[in-house]
Amino acid sequence: MIWLALVLSLAPPVTLSVDPCAQVSQPEVRRVLELELLSSRAAITGVTAAVACEGEALAFSVDDPITGRALTRTVDLSRAAPNARARLLALAIVEVVEASWSEQLFSPPPAPEVHKVVPPLVPVPAAPAQRPKFGLSAHAASRTLLTSPLWQWGGGLRFVHTPFRFLGYAAELSAEHGTFSTTLGSVFITSVDGLLELLGQLILGPVSFQLSAGSRFGVVHARGVPSIPLVRAREVVGPWAGILGAFSASAGGGMWFLTARVEGGQILVGVPSRVQSVNTGMVGPWLGLSLGLGVRL
């Protein structure tokens, strides 16, 4: 008994509270707990434990003396012999404390921090935006013969292809109609014509300028309507063709653009017609203006 008293004097102090419903001897639980803690790796300081009932099981909470954490567990001693319940409960408390202590002491060291060396980003030059090479526009146009008081009004479609940055070509199909009055009556002129030209282009941001030269050709129909019954009306139909030079400017954003154009030309093959001293045919020099809306493709 002397050695037992000496051992218990060396055991870490235990603070224990057991609910009477647990039906275990609190002094016996404390004694076994102190002995087991003495031989345990957790025997640095004493523990504080509280035991309560949870149905047929016993729930206990322990203040871990190593980590300072509150540990809770349940143990079912309903099938244990009455004289073994105190010892089994004490062993369960010691097992929880020692497991917590071992977890902290022998936990694997944290993995060394790996610093990844990220190579500097090499800037990738952006691919240049592809320049639109095609343009299609619808335009309103007016043309006057410089040797005649006639103004023709109409419109048409114009197609432009610039396979090179500064060079390209254009094609156009248009129709114009005009009328004017003389002392003998009225004259009506209708022309359907096409155009082919080569052009040079200069692009400055959203604005582009074009100088072009080419040929315009078509068919003209001139018809007189006399205002005097004795005057005989004349009707002329024939082809015409001429050369021209033009200047145009375009501006826009995205795929849409506005374009304005002025052209001057000389008819080489025409349809002559006169009423008194007035030229009513398709001859001589001309001046044309147009304004259009187009789309880049």
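Sticking to Cα atoms, compute the Rg of segment 134-296 to one decimal and its Dmax as the biggest Cα-Cα distance, whole number, in Å.
Cα-based Rg and Dmax for segment 134-296 come out at 17.7, 63 Å.
Which ³J(HN,Hα) values in Hz, rounded to whole numbers, follow from the phi angles of segment 49-63 under the Karplus curve 6.51 cos²θ - 1.76 cosθ + 1.60, where θ = phi - 60° and Gly and Pro get x?
Values per residue, Gly and Pro as x: 9, 9, 10, 9, 8, 9, x, 7, 8, 10, 9, 10, 10, 10, 8 Hz.
Report the residues of segment 194-229 in range of a label on R131: point 7 Å along Cα→C-beta, backbone N strictly under 16 Å from it.
Correct set: 199-211.
Net charge near V160, counting Lys/Arg +1 and Asp/Glu -1 over other residues with Cβ under 12 Å of its Cβ?
That sum, taken over residues with Cβ under 12 Å, equals +2.
From Cα pairs below 8 angstrom and at least 6 apart in sequence, can you work out the relative contact order of segment 170-217, rounded to a whole percent?
Normalised by residue count, the contact order of segment 170-217 is 33 percent.
Laboratory data are not the source of any read-out in this text; all were calculated from the coordinates shown. The shown structure was predicted, so the numbers you read here are calculated from the model rather than taken from an experiment. As a convention, Cβ positions derive from the backbone with ideal geometry for all residues, glycine included, and neighbour counts pool all protein chains shown.
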